[in-house]
Every structure is written in C-alpha cells, then in structure tokens.
1. Kindly indicate whether any position in segment 159-167 is closer than 23 Å to Lys48 by Cβ and either at pLDDT below 95 or not assigned by TED's automatic domain parsing to the domain that holds Ala75 (or both).
2. Would you confirm whether or not segment 40-54 contains a residue that is outside any loop (DSSP other than H, G, I, E, B), over 23 Å from Ala235 (Cα atoms), touching a residue at least 12 places away in the same chain (Cβ under 8 Å) and in the same structural domain as Leu109 (by TED's automatic domain parsing)?
3. State all residues of segment 170-199 that are in a strand (DSSP E or B) and crowded, with 20+ Cβ neighbours inside 10 Å; if no residue qualifies, say none.
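The values are calculated or read from the model by the stated rules, or taken from the named source; none is laboratory data. None of these values were measured; they are calculated from a predicted model. No Cβ is skipped: glycine too gets one built from the backbone with ideal geometry, and neighbour counts run over all protein chains shown.
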Amino acid sequence: MSRIENSIEAITLGSFDGMHVAHQALIEAAEAVAVIERQSGTLTPGYKRSWYTDKPMDFYLFDRIRSLSPKAFVAMLREHYPRLRKIVVGYDFHFGVGRGGNAETLKELFDGEVRIVPEIKVEGVPVHARTIRELLRNGDLALANRLLGRCYLIDGEPVRGQGRGSREFVPTINLQVEGYELPAEGVYAGYTHLGEACYPSVIFLGYRDSTDGSFAVETHLLDKIIGPVEEPRVALEFEALLRPNRRFDNPAELKEQIYLDIEKAMARLGLD
C-alpha cells in the first residue's frame, strides 16, 4: 500500500474512457480516481487518462475483479483505502460479478458517504464515451469535442512515409497509431505536439486513395520546417474537420487541394 492510498478519504470509481466532461464532474468531487480498466478504452487508452487530471489514479484490471461479489468488491476498496469515507459514482455505475451491484447497492454496502452524480448533458446530448466514439466515426468532431470538453487527441510513433510529401507536395510527419478510436477519414485543422512544443497543423487521416492506397495518419506543421523527428511519440490534437477524404485524378489536382487545405487550416486556427 502506498502512502498516498493510505491517506485518501474520497475516491471516484468508473472506467473513465475519454475523461470527458461528465467524468470531470466525478473527479472534481473526489481526491483520487479508481479506474476499472477493461482494456477496451479507445478514447484515452490506459495510463493516458492521467493526462487529464492531476489527481492520483489507480487501475483495477476488470478481468481480475469481475468475479468479485459486490460485497467483496467493497471490501477490496476498504483494504486498499483504509481511510476511505466517500465514494463518488455516476448514476449508471455497475460493479461486481455479472454487474450485480449498482450505485444504490454501493450505498447499502459502504458505511461512508456515497455520492451519485446524475446524467450530464451538453446541448441536450447525454455525455457518454460511446456517444463520443460514434460522433468521431461519423465526422461530427465539433460536438465530440464539446462533450470531451477539449479537442480530441491521439498519439503515435513517428514512422517513415512515402517520401512523396517532401518531394512533390508538402513535408509531413507520419505516425503509426494504435489503440485509439480514430476520427472519420479526412483533413483536419489541429495541433501537433512535439515534446513540450505545440504547432498549428493540417492533419490527414485516411486511405491515400490518390497515391498508393495505404492508410496514413500524417501532419503538416504550418509554422515550422520539419527536420528529423527525435521524439519517440508525437501527439495530434483535432480542432476542426476541414473536409472528408476524397480521391483526386492526378498529382497536380491533389497538390492544389493541399494548398487550399492549408489556407483553410490557417484561417480556422487564426493564422491568416
């Protein structure tokens, strides 16, 4: 048991995939975050949830606790947090074998305070990770970002691309991205994070239907000349969808559209 766990009196429980505005309401009411990790988080995989809070975060692997009865689950929390006095959960929280326990069950089993946070809506839309995933897939980045309370962000490993960008079009950083729910195919205005630096960018995500047909995630920095990328990971922040992916008949047509995309991105990001 860590010294931090030994001192915590209030936790919030949940999966917290996305760390969206409803999750933030739970976190605000607690001292620490206890994540039930189903290994299916695709908005904020694994430890990346910790990017969006400065509060301590513990992870419980779902496969290791799924067989616990609700009573045994609460006993486990008591053991891990001996000074625990308050648990904060969402209205739809379930726990224990077969999802046999819910927020009301928790009130019956836990001898401290249980705070149940009601459903939270943004512009009339209930805030859930599954809703955000669907919005991203359907290209509604604007609403997805409002439910998140921030711009959607992914990160990946820099990899070698076709090499055609620097020669024929504009230089880009290509990324191999795994574990994330990817937005709909298209061109986006956003930001590229290289270490501690952040650069306005045009981001392409999708199949290169006009060239080799391969799937790509690549970013062009608007105010920086790209040299060798030394960072092991690069993060992309999606501000706005500029257009869906499409096929062009020839390289000249594609190049013309790329420069139009750059102009739109600069205007969207306030750089014109």
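1. There is at least one residue in segment 159-167 that is closer than 23 Å to Lys48 by Cβ and either at pLDDT below 95 or not assigned by TED's automatic domain parsing to the domain that holds Ala75 (or both).
2. no
3. Step one: of segment 170-199, the residues in a strand (DSSP E or B) are 173-176, 186-194, 197-199.
Within segment 170-199, Ile173, Asn174, Leu175, Val187, Tyr188, Ala189, Gly190, Tyr191, Thr192 meet the criteria.
Conditions (1) under 23 Å from Met76 (Cα atoms); (2) within 26 Å of the chain's Cα centre (by Cα), marked per residue:
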{"residue": "Glu104", "(1), (2)": "yes, no"}
{"residue": "Lys107", "(1), (2)": "yes, no"}
{"residue": "Ile116", "(1), (2)": "yes, yes"}
{"residue": "Pro126", "(1), (2)": "no, yes"}
{"residue": "Ala142", "(1), (2)": "no, yes"}
